[in-house]
Amino acid sequence: MRFGSAAAIVFCLASFSAAAFTTSQADRGLLAYERSCSKCHQSDLQGSQESEAPALVGDTFAAHWAGEPIGELVDKVATKMPADNPASLPKTTYLDIVAYLLQANKVAPSSEELDGKPESLMRTIPGRMPAAR
Ligand code: HEC
């Protein structure tokens, strides 16, 4: 059983170098998101008209981020968010939150945490590609 799932993970990693984060990292990210982000983007990540914070899941997220390197999203969040106190969180917390955002957008987790190394940040955010611009 354990051997089978480990083999499946190895197979996935070998087949494409997609986003890498673990479920426990995404769980930490969820807690940090609730503390620092949910008042504008909401606990369900649907955003809010009142704060003009966009949805961070679904079509809006895919249209903005699918096909982009993870580093773009990390930069955006780490330099501009929370909008009322930008760049106020530790770098590792931003990475955890991005792991949570990827998980919320149904990106498959892996056995590796998302770290700040260039080779990790160069990986592409999977998902539907935006319609032709
Ligand atoms: C005070 C309200 C507020 C808080 C708190 C806040 N945001 Fe935002 N966020 C915004 C607004 C407004 C925008 C749209 C303007 C922009 O993109 O800079 C935005 C945009 C974003 C975007 C870009 C979305 C897109 O697809 O264009 C991301 C990603 C994001 N926020 C993540 C976060 C994260 C993660 C946190 C917590 C660390 C956070 N935000 C906290 C208001 C907020």
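Every read-out reported here was derived from the displayed coordinates using simple, explicitly stated rules and does not represent laboratory data. The structure presented is a predicted model; accordingly, all values stated were derived computationally and were not measured. Neighbour counts run over all protein chains shown; Cβ positions are idealised from the backbone, glycine included.
Quick query: amide H of Ile125 versus all other amide H atoms, modeled in the peptide plane; which residues come in under 5 Å with a sequence gap of 5 or more or a different chain?
Those lying under 5 Å, H to H, from Ile125 are Gly67, Glu68, Ile70.
Let me check against my output: what whole-number percent is the relative contact order of the range 33-132, with C-alpha pairs under 8 Å and at least 6 apart?
32
Extending each Cα 7 Å along its Cβ direction at Lys39 and Asp84, get the distance between those two points in nm, one decimal.
Distance between label points: 0.3 nm.
So for the range 19-121, Kirkwood radius off the Cα pairs, Stokes-Einstein at 20 °C and 1.002 mPa s: how many µm² s⁻¹?
159
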